[in-house]
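Below is one structure, written out as structure tokens; comments come after it.
Values quoted throughout were computed directly from the atomic coordinates according to the rules given, and no laboratory measurement underlies them. Note that the structure is a prediction, hence the values are computed from the model and not measured. As a convention, Cβ positions derive from the backbone with ideal geometry for all residues, glycine included, and neighbour counts pool all protein chains shown.
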Amino acid sequence: MTTVSDFILERLREWGVARIYGYPGDGVNGMLGALDRAEEQAVGPRLVQVRHEESAAMMACAHAKFTGEIGVCMATSGPGAIHLLNGLYDAKADHQPVLCLVGQQRRAALGGDYQQEVDLLSLFKDVAHEYVQMAVTPAQVRHLIDRAMRIALDQRTVTCVILPNDIQEMEAVPVPPAEHGTVHSGVGYVRPRVVPDPATLDRAAEVLNAGKKVAMLVGAGALGATDEVIAVAQRLGAGVAKALLGKGVLPDSLPYVTGSIGLLGTRASWQLMSECDTLFMIGSSFPYSEFLPQEGQARGVQVDLDGRKLSLRYPMEVPMVGDARETLTALLPRLETRTDFGWREQVEANTERWWRVLEKRAMDDAVPINPQRVFWELSSRLPADVILCADSGTAASWYARDIRMERGMMGSLSGGLATMAPALPYAIAAKFCHPGRVAIALEGDGAMQMNGINELITVAARWREWDDPRLIVLVLNNGDLNMVTWEERSLGGDRRFDTSQAVPPFDYAAYARMLGLEGLRVERPEDIGPMWERALQAKCPVVLDVLTDPNVPPVPPHVPAQAVRNYMKALLGGDAQGSAVLRATAREMWAEIVPAGRGPG
Ligand SMILES: Cc1ncc(C[n+]2csc(CCOP(=O)(O)OP(=O)(O)O)c2C)c(N)n1
Ligand SMILES: [Mg+2]
């Protein structure tokens, strides 16, 4: 007998799903039986068993980010389903197609306040609002799967199918009866070409051609349009800033690429935005308007696949719905070649200077290790095919600024949700999706203690399946929930609240060794370079436990006067680290005045 669960796997196979990230429970017993049978027959999808359902959802999100395919995760009813939520919101916020399959109690028990009975339709109604359905009969399952898959792909969002456990084990109905009241769905989805009409493109070109100082901002929507973005930037003599999820769009070796934008961004991007007369935004919903031109300062053109994202952060003169690559290709012949490259030269000079500021900052002394140097030294050693996964603490700042991405590399983090602890689940998914590439998780000790310690067990259990065994976990061991400590000081004007901020000590390297992985602890700046060399030559996954200084501030590229007042009030108001922080801040500022003497090597 083919069960409903066997049929679901068969259908997912037809949809091209090779892997399901998940965790068991009796709510998905039928699915587990089917996964077992599929594994025995050496067909997909295969289960990747995680340590916590939240990780499974984060892995599904990363799967989508690193492959462009849909990510699929699975959990049991009640507690398992609830655990998925944060990872699902991560996918939703970053517009990734993810299907989640969750178990539910038997149909006969529903409404009976049964054990582990949670109103899953309501629970998932927000995160999967585009499509959340519960199967009530086998004849319905085919179209539930087809629609959940298609809607997730088409809307680039999260969808959810709830499967009562008795249905999972019933006989499948692969073809619903040909009668009134049945639904006859099929497999497959083809992405459309989305290009604005010629008149809109002409208007966009008119605005862009009239600009004397064009700033471009590219986001995740421009990944895959590298050549087209370069061609347009060349034609316009523009500078280009990158939103964090779009870090891989352009190589940082291009002299007019000013790097990241925003609180974690670069001074060169700040200058680009505050001095431009025209803004061209491509595939980005970067949220902080204060880092964009002021209203009225620049004329705006925007292209985004999602019409809801248009003219949202800056009032655009020409807001266009379109695919980045297709739209830029259609736009290019309409753009005039520049003769005056004065603006471009200014952008390049700012950028070149900024890299020297960063180098100076990275090489400044700290106690014991300056976290910026850890990233700076990684940057020059990055393998060409690396996949970088950053966490939401200070690692995100240093990833944003100090890492020079080159063509062919990939990188991501939790952008919209900015949740803690995606870095290791993302890196694990990266290894399953691209077993021949090196994955590096960059995270704090807080994130490591939140779920990294647990998912390292998954790494230890599975790494031998990967063609290239290298998964490297960098732990910024600063004993602090550092990013929030800075926020307390600069946003709240409060001193560090030791009770909330301290991260208890833990020997990450010894723990890694206990799991049979390599673990290195580094306490001296001169050991950072050799540490990366060794990790990149390792024959198994490695944990790098680096003792970093929590008093090195991630200074934003622009600091409003109120933030300075808050900061001083916090540091002079009994902050135990006040004077050390002030000294480190002064060093950071000094690096802006007197940067390193040469550009990056
Ligand atoms: C799930 C979740 N909880 C809390 C936060 C708020 N938060 C953002 S960064 C951060 C501190 C991270 O500390 P750690 O991982 O040690 O990195 P560090 O900043 O110290 O480098 C916190 C608590 C969050 N973003 N997500
Ligand atoms: Mg920390």
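Which of the peptides 226-233, 56-63, 377-384 is most tightly packed, and how do the rest follow, judged by the mean count of other Cβ atoms within 10 Å per residue?
Ranking, from highest mean packing down: 56-63, 226-233, 377-384.
Percent antiparallel among DSSP beta bridges with both residues in the stretch 364-593, to the nearest 5? Intermediate values should be presented prior to the final figure.
Values: 1 of 26 bridges.
Of all bridge pairs located within the stretch 364-593, approximately 5 percent are antiparallel.
If a paramagnetic tag sat 7 Å from the Cα of Glu130 along the Cα-Cβ line, which residues of the stretch 141-174 would have the backbone N under 12 Å from that point?
148-160
Determine, for each peptide in 264-270, 288-294, the mean count of other beta carbons within 10 angstrom over its residues, then list the peptides with the highest first.
Working: 264-270: 24.3, 288-294: 15.9.
Highest to lowest by the protection proxy: 264-270, 288-294.
Rounded to whole Å and sorted largest first, what semi-axes of the equivalent ellipsoid does the C-alpha gyration tensor of the stretch 4-168 yield via the square root of 5 times each eigenvalue?
Taking √(5λ) for each eigenvalue gives 21, 18, 15 Å, largest first.
Find the centroid of the Cα atoms in the stretch 502-568 and in the stretch 390-408, then give the distance between the two in whole Å.
13 Å
To the nearest 10 degrees, how steep is helix 141-155 against the longest Cα principal axis of the chain, on a 0 to 90 scale?
10 degrees
Show me 152-160, 188-196, 239-247, 475-483 ranked by packing, highest mean number of other Cβ atoms within 10 Å first.
Details: 152-160: 23.1, 188-196: 13.2, 239-247: 28.6, 475-483: 24.9.
Highest-to-lowest ranking by the protection proxy: 239-247, 475-483, 152-160, 188-196.
From the phi angles alone, apply the Karplus equation (6.51, -1.76, 1.60; θ = phi - 60°) to the stretch 447-454 and give each ³J(HN,Hα) in whole Hz, x where the residue is Gly or Pro.
Values, residue by residue: 5, 4, 7, 6, 8, x, 4, 5 Hz.
Given an 8 Å cut-off on Cα distances and at least 6 residues of separation, report the relative contact order of the stretch 4-168 as a percent.
Numbers: 362 pairs, mean separation 42.4, N = 165.
Relative CO of the stretch 4-168 lands at 26 percent.
Loop-only GluC sites (Glu not before Pro) in the stretch 492-591, please: DSSP not H, G, I, E or B, and at most 15 other Cβ atoms within 10 Å.
Details: sites: Glu518, Glu523, Glu526, Glu533, Glu588; in loops: Glu523.
Hits after loop and neighbour filter: Glu523.
How high is the FRET efficiency between Val194 and Arg524 when r is their beta carbon distance and R₀ equals 56 Å, given to the nearest 0.05? Present the calculation step by step, with values, prior to reporting the outcome.
Numbers: r = 53 Å, r/R0 = 0.95.
Efficiency for this residue pair is about 0.60.
Using the number of other C-beta atoms within 10 angstrom as an exposure proxy, rank Tyr114, Tyr511, Tyr23 with the fewest first. Each step should come with its number before you reach the end.
Numbers: Tyr114 15, Tyr511 18, Tyr23 22.
Ordered by Cβ neighbours within 10 Å, fewest first: Tyr114, Tyr511, Tyr23.
In vacuo Debye scattering of the chain, one point per C-alpha: log10 I(q)/I(0) at q = 0.06, 0.07, 0.08 Å⁻¹?
-0.33, -0.45, -0.59
Given labels modelled 7 Å from the Cα in the Cβ direction, how far is it in nm from Asp227 to Ile82?
My value for the distance between the label points is 5.2 nm.
Which of the aspartates and glutamates could a cross-linker bridge to Lys212, judged by Cα under 16 Å and excluding same-chain residues fewer than eight apart?
Partners found: Glu275, Asp277, Glu336, Asp340, Glu345, Glu348.
So in the chain, what percent of DSSP beta bridges are antiparallel if you round to the nearest 5? Don't skip to the answer; put the middle values down first.
Values: 2 of 69 bridges.
About 5 percent, rounded to the nearest 5.
Contour minus end-to-end for Leu547 and Val43, with contour as 0.36 nm per residue of separation and end-to-end as the Cα-Cα distance? All intermediate terms of the calculation are to be shown ahead of the outcome.
On the way: separation 504, 0.36 × 504 = 181.44 nm, distance 4.50 nm.
Gain on stretching Leu547 to Val43: 176.9 nm.
Pairs Lys242/Lys309; Lys65/Lys242; Lys65/Lys309; Lys360/Lys431: which are spaced more than 28 Å apart, C-alpha to C-alpha?
On the way: Lys242/Lys309 17 Å; Lys65/Lys242 17 Å; Lys65/Lys309 19 Å; Lys360/Lys431 34 Å.
Violating the 28 Å limit, Cα to Cα: Lys360/Lys431.
Using the C-alpha atoms of the stretch 198-349, what convex hull volume per residue, in cubic angstrom, is computed?
Values: hull volume 13.8 nm³, N = 152.
Given the Cα convex hull of the stretch 198-349, per-residue volume reads 91 Å³.
Could you tell me the calculated FRET efficiency between Leu572 and Asp277, based on Cβ-Cβ distance and R0 = 35 angstrom, to the nearest 0.05?
On the way: r = 41 Å, r/R0 = 1.18.
In this case the efficiency is close to 0.25.
Sort Lys309, Lys539, Lys125 so that the residue with the fewest other Cβ atoms within 10 Å of its own Cβ comes first and the one with the most comes last.
Lys539, Lys125, Lys309
Rounded to the nearest 500, what is the 222 nm mean residue ellipticity of the chain from helices alone, with -39500 (n - 2.57) per DSSP H run of 4+ residues and division by all residues? Intermediate values should be presented prior to the final figure.
Values: 22 runs with 232 residues, N = 601.
Rounded to the nearest 500, the figure is -11500 deg cm²/dmol.
Subtract the Cα-Cα distance of Ala18 and Lys539 from 0.36 nm times their separation in residues, and report this length gain in nm to one decimal.
Working: separation 521, 0.36 × 521 = 187.56 nm, distance 2.66 nm.
Length gained, Ala18 through Lys539: 184.9 nm.
Would you work out the Kirkwood radius for the stretch 364-593? I mean one over the mean of 1/r across all pairs of different Cα atoms, in Å.
Numbers: mean 1/r = 0.0557 Å⁻¹.
The answer is 18.0 Å.
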